[in-house]
1. Run a plain Debye calculation on the chain (Cα atoms as equal point scatterers, no solvent) and give log10 I(q)/I(0) at q = 0.14, 0.20, 0.22 Å⁻¹, rounded to two decimals, same order as the q list.
2. Just to confirm, what accessible area per residue do you get for the chain at 1.4 Å probe, in whole Å²?
3. Among 65-71, 2-8, what's the highest-first ranking by average C-beta atoms within 10 angstrom per residue?
4. Quick check: at a probe of 1.4 Å, how many percent of the accessible area of the range 10-72 sits on carbon and sulfur atoms?
5. Return the sequence-ordered ³J(HN,Hα) values of the range 55-70 in whole Hz as given by the Karplus equation 6.51 cos²θ - 1.76 cosθ + 1.60 applied to θ = phi - 60°, using x for Gly and Pro.
6. Would you mind putting 42-54, 13-25 in packing order, based on average other-beta-carbon counts within 10 Å, highest first?
7. Between V47 and residues 5 or more places away or on another chain, which pairs have amide H atoms under 5 Å apart, with H built 1.01 Å from N, and which residues are they?
8. Taking 8 Å as the Cα distance limit and 6 or more residues as the minimum spacing, I'd like the relative contact order of the chain as a percentage.
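The values are calculated or read from the model by the stated rules, or taken from the named source; none is laboratory data. Worth saying up front: this structure is predicted, and the values here are computed from it rather than measured. Using ideal geometry, Cβ is built from the backbone for each residue, glycine included, and neighbour counts are taken over all protein chains shown. Protein only, heavy atoms only, side chains kept; ligands, DNA and RNA dropped before computing areas. Shrake-Rupley method; radii C 1.70, N 1.55, O 1.52, S 1.80 Å.
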Amino acid sequence: MDILEIEEKQTMSREEAAARLREFADKLARSNDVEFERGGMRLKVHVPDEVRVKVELELESDENELEIELTW
């Protein structure tokens with residue numbers, strides 16, 4: 001059972017998406033914690049030194065998806 005799940009979907013340019021991924025990667029590299037802000041609420045999540053990384057690519061006739069998942 002999930003304690004909390006935050007999902008956000010929005011449309012942006014490829015360059016904006018890359019900048020957002022870069023910002024997240026930089027924060028992850030600098031700190032053991034990542035922060036999320038949603039609806040005036042700030043959440044801080046501890047990330048250990050080792051994580052499992054899953055990269056998944058789905059190609060379909062009408063839409064493609066690249067999913068990057070970190071678990072610990």
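1. Listed by q, the Debye log ratios stand at -0.60, -1.21, -1.39.
2. Working: 6900 Å² over 72 residues.
Heavy-atom accessible area per residue stands at 96 Å².
3. Numbers: 65-71: 9.7, 2-8: 5.9.
Ranked from most to least packed, the peptides come out as 65-71, 2-8.
4. On the way: 2830 of 5710 Å².
On the range 10-72, the fraction of accessible area on carbon and sulfur atoms equals 49 percent.
5. 10, 10, 10, 10, 10, 10, 5, 10, 7, 10, 9, 10, 10, 10, 10, 10
6. Numbers: 42-54: 9.0, 13-25: 10.5.
Per-residue Cβ counts within 10 Å, averaged per peptide and sorted highest first, yield 13-25, 42-54.
7. Distant-sequence amide H within range of V47: D33, V34.
8. Values: 55 pairs, mean separation 12.7, N = 72.
This gives 18 percent for the chain.
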